[in-house]
There are 2 protein chains.
Amino acid sequence: MEPDALADGVRRGDRRALARAITLIESRREDHRRTAEDLLTLLMPATGASIRIAVSGVPGVGKSTFIETFGRHLTAAGHRLAVLAIDPSSQRSGGSILGDKTRMEALSRDPAAFVRPSPAQGTLGGVARRTREAILLCEAAGHDVVIVETVGVGQSEIAAAGMTDLFLLLLLPGAGDELQGIKRGIVEVADLLVVNKADGAMAGAANHAAAEYRHALSLLRSGTGAWTPEILQCSSVTGEGIGKVAAAVERYRTTMASAIAERRRAQARDWLWSEIGEAVREAMGRRLDAASVSAVECEVAEGRLPGSVAARRLVESMIK
Amino acid sequence: MEPDALADGVRRGDRRALARAITLIESRREDHRRTAEDLLTLLMPATGASIRIAVSGVPGVGKSTFIETFGRHLTAAGHRLAVLAIDPSSQRSGGSILGDKTRMEALSRDPAAFVRPSPAQGTLGGVARRTREAILLCEAAGHDVVIVETVGVGQSEIAAAGMTDLFLLLLLPGAGDELQGIKRGIVEVADLLVVNKADGAMAGAANHAAAEYRHALSLLRSGTGAWTPEILQCSSVTGEGIGKVAAAVERYRTTMASAIAERRRAQARDWLWSEIGEAVREAMGRRLDAASVSAVECEVAEGRLPGSVAARRLVESMIK
């Protein structure tokens, strides 16, 4: 398909065009990749006008249910929402996040929402690169809120934090117990902490947990900066507290407007240099053969060759 | 100087040879750089046998005094210590960290210790690259403990964490107040937290602060993994508690031996790819001219060009 026609479709907000565009950027075929890059270049002027939210938390914290309830709240308020995912495990597990069609059922049927499963192939790096591009496509299609869902298993949170404006971490009411599996440093980096399942028999525990987190963060966090991370409670089942989460997001967006702009510039620069690294790695694999690059990498990893020396050798032989 | 002769001097533990070797790796002259890389390559088999400790904390927490007291304790116990620094501000401020010769006076005169000021030139990236190489030189010279001191202003802690086995964060007895200026996520990443100045009128406050941090970390940290971060107290003036800090470091080294080895492999790989990025950036600057690379970087930062598209263009025109 011609990138111009597809770009028109995306810009019109045509859901099928958006879905096809994302499939195109996920493709590994070289000709698809060229078309995808043309498409992205065409659409760049239409991107940027959303708030990008990472939603993270351990399995069992209720991410899908939260996103469904939160998402319905947003679309009812007139927003257009896109939900993407970073789940590098989806290949192995046969598609965990969003792969199950019964999840986020109401949101999937909502005409103001676009729910897309995680790319089912590739390494974390590969999945993250494509998710970053998918954010841009969703913005070009007029979605003004983009949620990137992650699985709570280490590096995918870091990747999500590197492409979003706000990091929302879901917590369980049993304070402290549920952090197993969350990478060190993530709690402290979150902009918004939401104790989920604050309903029924757990309401008291949720209150207690929120107070505990508030105290712990006040100890471990710098008091500087325009934004003090908020700790909220909600029930994704009853919907209680969801409005306050949406209000906090809006407050963040307003208060942090210039900080968000600066963060995006830094993220884009990091993106460029990480893509250059990928492009160089590919070019090295073609020109020097992948096995010898791996052999050098192994020498460095085992402490037999300094990284600086190995880097110079590889780059010099590549551009010779 | 011939790299072989200098390598011999370093291996013999000759302090002047070590100092000259570090000066060599800090030099930006192209011929010096070549010699430095030959030197490092020669010395690699003699590296790796130290525990690498990052020591961080805000200005005023007493890093120099702590390192002096801790260092004297280590050398008295038979260790050979090297103290390096990452202080990208030293150029601007005219040399803050270790630049003042009166600091760490006793340690500097200790024959079992080698104290080196931060390279006084360059960006954080440049300083960090040279510090990473200086660690290897110190190990080759027989130092079995290498301390990397950082200033508590943001990115230098991240750089130090990326080249050490253990992150030791110094805290003041006024719990919570002193974290201003420490980058978010650093407290949570620390392996060892030491409340300094636990003496005199502050002893009670230090006790209280340690208990508070212990509670906060138990809430915010995953309970998994072989190591639970310890919160200790010490006085760098009276020396009280310093022995316990040394014992905790030793316990960490033993308990985490295989985790440290794995961490070093990952750090070395990251080092390689970051050096490749630097080498590519330099090669691009030579082949494409630096202004046009900057122009593309700016287009990406402003959201006018996708990072993936820009990366491909730059790399393709470089290796054409």
Write down the radius of gyration of segment A:220-302 and its Dmax, each obtained from C-alpha positions, in Å.
22.1, 59
Give the carbon-plus-sulfur fraction of the accessible surface of chain A in %, rounded to a whole number; probe 1.4 Å, heavy atoms of protein chains only.
53
Which whole number gives the average, over all residues in A:311-320, of C-beta atoms from other chains lying within 10 Å of the residue C-beta?
6
Nearest-10 value in Å² for the accessible area of B:K244, using the 1.4 Å probe:
140
Part-to-part distance (alpha-carbon centres) for segment B:6-35 and segment A:5-44, which is given in Å
53
Checked segment A:191-265 with the C-alpha gyration tensor, a ≥ b ≥ c its square-rooted eigenvalues, rounded below a/c of 1.5, otherwise prolate if a/b is larger than b/c and oblate if not; verdict oblate
With R₀ set to 51 angstrom, the calculated FRET efficiency between the beta-carbons of A:R109 and B:A49, to the nearest 0.05, is 0.25
Once you have the Kirkwood Rh of the protein assembly as shown from its Cα pairs, apply Stokes-Einstein at 37 °C and 0.692 mPa s and quote D in µm²/s.
125
Residue among B:S308, B:S235, B:S292 with the largest mean-square fluctuation in a Gaussian network model of chain B, springs linking Cα atoms under 10 Å
B:S308
Tell me the distances, shortest first, between A:R287 and the same position across the other copies, using label points 7 Å along Cα→Cβ, in nm to one decimal.
0.5
Can you give the net charge of the other residues whose Cβ lies under 10 Å from the Cβ of B:F66, counting K and R as +1 and D and E as -1?
0
Distance between Cα centroids, segment A:194-213 to segment A:242-320: provide it in whole Å.
39
Note down the nm distance, to one decimal, between modelled labels 7 Å out along Cα→Cβ at B:T238 and at A:D144.
6.2
Highest first, please rank the peptides B:268-278, B:54-64 by the mean number of other Cβ atoms sitting within 10 Å of their residues.
B:54-64, B:268-278
Looking at chain B from every direction and averaging, what is the projected area of its Cα convex hull in nm²?
18.5
Which one of B:A216, B:A283, B:A106 has the biggest mean-square fluctuation once chain B is modelled by GNM with Cα springs under 10 Å?
B:A283
Inter-copy distances for B:K320, label 7 Å out on the Cα-Cβ vector, sorted ascending, nm, one decimal, are 2.3
Mean residue ellipticity at 222 nm from the helices of chain B, using -39,500 (n - 2.57) per DSSP H segment of n ≥ 4 over the full residue count, to the nearest 500 deg cm²/dmol?
-16500 deg cm²/dmol
Chain pair B, A: total accessible area buried, heavy atoms, 1.4 Å probe, Å²
6000
Per residue, how much accessible area does chain B have with a 1.4 Å probe, in Å²?
40
Can you give me the distance in nm between label points at B:R16 and A:E250, each placed 7 Å from the Cα along the Cα-to-Cβ direction?
7.3
What is the log10 of I(q)/I(0) for segment B:1-62, computed with the Debye formula using one identical point scatterer on each Cα and no solvent, at q = 0.19, 0.27, 0.28 Å⁻¹?
-0.74, -1.13, -1.19
Shielding by other protein chains, A:47-55, mean Cβ within 10 Å
1
With no solvent and one equal point scatterer placed on each C-alpha of segment B:247-292, evaluate the Debye formula and give log10 I(q)/I(0) for q = 0.15, 0.19, 0.28 Å⁻¹, two decimals.
-0.56, -0.67, -0.89
In segment B:287-320, which residues have a backbone nitrogen under 19 Å from the label point lying 7 Å from A:A226's Cα in the Cα-to-Cβ direction?
B:302-303
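The values are calculated or read from the model by the stated rules, or taken from the named source; none is laboratory data. Here the structure is a predicted model, which means the values were calculated and not measured. Neighbour counts are summed over all protein chains in view; Cβ atoms, including those assigned to glycine, are modelled from backbone coordinates with ideal geometry. SASA here: full protein model, heavy atoms, side chains in, ligands and nucleic acids out. Shrake-Rupley method; radii C 1.70, N 1.55, O 1.52, S 1.80 Å.
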